[in-house]
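Notes for the one structure printed next.
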Amino acid sequence: MSDRLAVLPQYLLPKGALTNFAGRVAGAKGGSMTTRLIRWFVGRYNVNMDEALDSDITHYTSFNDFFTRALRPGVRPIAQADYVCPVDGRISQFGAIDKDQIFQAKGHHFSTTALVGGDAALAAQFEHGSFANLYLSPRDYHRIHMPCDGRLTRMIYVPGELFSVNPTTARGIPGLFARNERVVCVFDTANGPFVMTLVGATIVGSMATVWHGVVNPPRSGQVRDWSYANDNIVLKKGEELGRFLLGSTVVMLFPKDTLQFNPAWQPAGPVQLGEVMGNLPK
């Protein structure tokens, strides 16, 4: 994948063309060509391979294998807190939900109803609650973990656009995270419902969860909804929830009066998997 193609304005390409191309390249087992691509990527984005379970890039048979690489045990300890950060990345925004409005960037908000695919009853459970938008850059570890213990009740695939989700785009495109393709994961916890939304982007070839596998493709253009109410899929704090095949953003929703954020958190600040995200209000 060339630098030129990676930054080509989206409007110059047929919808999904860059994603389809990136998906084919990322999944290909190209031998030495794959190794050269990974080596270029590691240098271009300053990826810290010392943290990887396998730091030898020649051992990865595809770019996807490298991109979703596991971390060495112990490099991301899970803090003693009620809620921990689920990813490596940067804070886009976080804070209180204003009735049903989530702050995206100066001048831009989006609704919880739009985020979860139009389900007003689901969104209503988070009125005046808390949200956190966390951005995963290309250099980051791209597995997503649980911020707290939870039992899966539902998953919703919402088709949408594939805009970039970097900070510059977030400041420029209204309702970005509720317009892009996304996978909404709904959990029950000891403190009420919790939503983890995986938001797609320009070259996100797919998103996957540990209970379903790859959710997209296929890209049918229709909302799809899975119920797990009768299953017993329980994930513990710090366990892997899913992964991006090329990076993006996660958006979390929590009910009112269930989360007091880490006072050290600041918009645009770096975060790591397992650090304190917050605790129950005192």
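So the values come out like this:
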{"item": "Residue check for Thr249: modelled with pLDDT of 90 or more and hydroxyl-bearing (Ser, Thr, Tyr)", "result": "no"}
{"item": "Residues satisfying the stated conditions in the range 237-282, i.e. of a type in the set (S, T, N, Q), under 19 Å from Val186 (Cβ atoms) and in a strand (DSSP E or B)", "result": "Thr249"}
{"item": "Residues that are surrounded by fewer than 22 Cβ atoms within 10 Å (Cβ to Cβ) and at negative phi, drawn from the range 259-270", "result": "Gln260, Phe261, Asn262, Pro263, Ala264, Trp265, Gln266, Pro267, Gly269, Pro270"}
{"item": "Residue match in the range 129-150 (condition: part of a loop (DSSP other than H, G, I, E, B), on the phi > 0 side of the Ramachandran plot, modelled with pLDDT of 90 or more and more than 18 Å from the chain's Cα centre (by Cα))", "result": "no"}
{"item": "Conditions (1) at pLDDT 90 or above; (2) open to solvent by less than 50 Å² (accessible area, probe 1.4 Å); (3) assigned to a loop (DSSP other than H, G, I, E, B); (4) out of contact with any Asp or Glu (no Cβ under 6 Å at 6 or more places or on another chain): number failed by Val75", "result": "(4)"}
{"item": "Residue count, the range 78-87 (criterion: open to solvent by less than 10 Å² (accessible area, probe 1.4 Å), in contact with an Asp or Glu (Cβ under 8 Å, 6 or more places away or on another chain) and either assigned to a loop (DSSP other than H, G, I, E, B) or of a type in the set (Lys, Arg) (or both))", "result": "2"}
{"item": "Criterion violated by Val183 - all others in (1) open to solvent by 60 Å² or more (accessible area, probe 1.4 Å); (2) closer than 29 Å to Phe66 by Cβ; (3) not basic (Lys, Arg) satisfied", "result": "(1)"}
{"item": "Which numbered condition Ser130 fails, given (1) surrounded by fewer than 16 Cβ atoms within 10 Å (Cβ to Cβ); (2) in contact with a strand residue (DSSP E or B) (Cβ under 9 Å, 6 or more places away or on another chain)", "result": "(1)"}
{"item": "Qualifying residues in the range 194-231 (those that are touching a Ser or Thr at 6+ places or on another chain (Cβ under 8 Å) and at pLDDT 95 or above) - the one least open to solvent (accessible area, probe 1.4 Å)", "result": "Tyr228"}
{"item": "Residue that is modelled with the highest pLDDT [pool: residues in the range 151-181 that are hydroxyl-bearing (Ser, Thr, Tyr) and not in a helix (DSSP H, G or I)]", "result": "Thr153"}
{"item": "Residues within the range 252-282 that are in contact with a helix residue (DSSP H, G or I) (Cβ under 8 Å, 6 or more places away or on another chain) and at pLDDT 95 or above, tallied", "result": "1"}
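The values are calculated or read from the model by the stated rules, or taken from the named source; none is laboratory data. All values reported here derive from a predicted model rather than from experimental measurement. Note that each Cβ is placed from the backbone with ideal geometry, even for glycine, and that neighbours are counted across all protein chains shown. Please note that ligands, DNA and RNA were not included when accessible areas were found on the heavy atoms of the full protein model with its side chains. Shrake-Rupley method; radii C 1.70, N 1.55, O 1.52, S 1.80 Å.
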